[in-house]
Amino acid sequence: QVQLVESGGGLVQPGGSLRLSCAASGSIFSRYRMGWYRQAPGKERELVAFIHSGGTINYADSVRGRFTISRDNAKNTVYLQMNSLKPEDTAVYYCNAFFVGATYWGQGTQVTVSS
């Protein structure tokens, strides 16, 4: 069982930045594919970005060039640096871990982009 705890959400003005963190339990974090998803009110959960154990990264078109995903295997933590935030980035952001057919979710952290 993997436990994921997100932090770093909040209220930010358009054009601002936030950094989300997700701390994971377990001794094989380096082998997980880690990702960030988001869900806006009335919409389905969507992929934001993920980073494979080998370092390969994928981004959704809507965030490419503005968001950066990274991981620190020594700290069992994955990050999402979000720059140039837009009101349409407002959502609950969820951390995700995937390994050998098992997937785990964090509880989510709210990001609100508003003036």
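The values are calculated or read from the model by the stated rules, or taken from the named source; none is laboratory data. Small disclaimer: the values here were computed from a predicted structure and weren't measured. In this analysis, Cβ positions are derived from the backbone assuming ideal geometry, glycine residues included, and neighbour counts consider all displayed protein chains. All accessible areas refer to the heavy atoms of the entire protein, side chains included, with ligands and DNA or RNA removed. Shrake-Rupley method; radii C 1.70, N 1.55, O 1.52, S 1.80 Å.
Could you list, in sequence order, the residues of region 57-91 that are open to solvent by 60 Å² or more (accessible area, probe 1.4 Å), within 15 Å of E46 (Cα to Cα) and in a strand (DSSP E or B)?
Passing the criteria: only N58.
Please pick out the residue among A40, A24 that is under 14 Å from Y94 (Cβ atoms), surrounded by fewer than 16 Cβ atoms within 10 Å (Cβ to Cβ) and not basic (K, R). Break it down stepwise before answering.
Numbers: A24 fails: surrounded by fewer than 16 Cβ atoms within 10 Å (Cβ to Cβ).
None of the other options fit; the residue is A40.
Would you please name the residue that is farthest from E88 (Cα to Cα), looking only at residues in region 43-56 that are assigned to a loop (DSSP other than H, G, I, E, B) and not polar (S, T, N, Q)?
Only one residue tops the list, namely G54.
Within region 47-57, is even one residue touching a residue at least 24 places away in the same chain (Cβ under 8 Å) and over 17 Å from G108 (Cβ atoms)?
Restricting attention to region 47-57, the residues satisfying the condition of being touching a residue at least 24 places away in the same chain (Cβ under 8 Å) are 48-51.
Add one more test, that the residue is over 17 Å from G108 (Cβ atoms), and what stays is 51.
Checked region 47-57: at least one residue is touching a residue at least 24 places away in the same chain (Cβ under 8 Å) and over 17 Å from G108 (Cβ atoms).
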